[in-house]
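Trainee: Got a structure for you, written out below as structure tokens; questions coming shortly.
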Amino acid sequence: MLTAWQDDHIGLRPKIAQWNEVDTVIFTELSKMLAGQMSPEETMQSAKQRIDRIVGA
């Protein structure tokens, strides 16, 4: 347990207020790609556009 919580082993989510929305976008877009509905390039472009809208970029 102590090893799992060391800095080089732990994966923390980004500290942004919109994380839940961004996480949903990532999950949804990657699911489409894995289902063969989108190419990796299309997936990343779509995810970026949606995330940019969420965070106001």
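The values are calculated or read from the model by the stated rules, or taken from the named source; none is laboratory data. Remember, predicted model here, so these are calculated numbers, not experimental data. As a convention, Cβ positions derive from the backbone with ideal geometry for all residues, glycine included, and neighbour counts pool all protein chains shown. Just the protein is used for accessible areas: all its heavy atoms, side chains included, with ligands, DNA and RNA removed. Shrake-Rupley method; radii C 1.70, N 1.55, O 1.52, S 1.80 Å.
Trainee: With the other protein chains left in place, how much accessible area per residue, in square angstrom, belongs to the chain at a 1.4 angstrom probe?
Mentor: So the chain comes to 83 Å² accessible per residue, rounded to a whole number.
Trainee: Working out 0.36 nm times the residue gap between ASP23 and ASP52, then minus their Cα-Cα distance, what length gain in nm do you get to one decimal?
Mentor: So the extension gain works out to 9.1 nm.
Trainee: To continue, here is another question. Using only the alpha-carbon atoms, how far is helix 40-55 inclined from the longest principal axis of the chain? Give it as 0 to 90 degrees, nearest 10.
Mentor: That helix lies at roughly 70 degrees to the long axis.
Trainee: State the percentage of accessible surface on the chain attributable to carbon and sulfur atoms; use a 1.4 Å probe and exclude ligands, DNA and RNA.
Mentor: Accessible surface attributable to carbon and sulfur in the chain totals 58 percent.
Trainee: Quick one: if you take sqrt(5λ) for each eigenvalue of the C-alpha gyration tensor of the chain, what semi-axes come out, biggest first, whole angstrom?
Mentor: Largest first, the chain gives 26, 17, 8 Å.
Trainee: Right, another one. Do any trypsin sites (Lys or Arg not before Pro) in the chain lie in a loop, going by DSSP, with at most 11 other beta-carbon atoms within 10 Å of their beta carbon, and if so which?
Mentor: LYS15
Trainee: Ok, one more. Of all chymotrypsin sites (Phe, Trp or Tyr not before Pro) in the stretch 1-43, which ones are in loop regions per DSSP and have a Cβ with at most 13 other Cβ atoms within 10 Å?
Mentor: Loop-located and lightly packed - TRP5.
Trainee: Once every DSSP H run of n ≥ 4 in the chain is given -39500 (n - 2.57) and the sum is divided by its residues, what mean residue ellipticity at 222 nm do you get, rounded to the nearest 500 deg cm²/dmol?
Mentor: Helix-only estimate at 222 nm: -18500 deg cm²/dmol.
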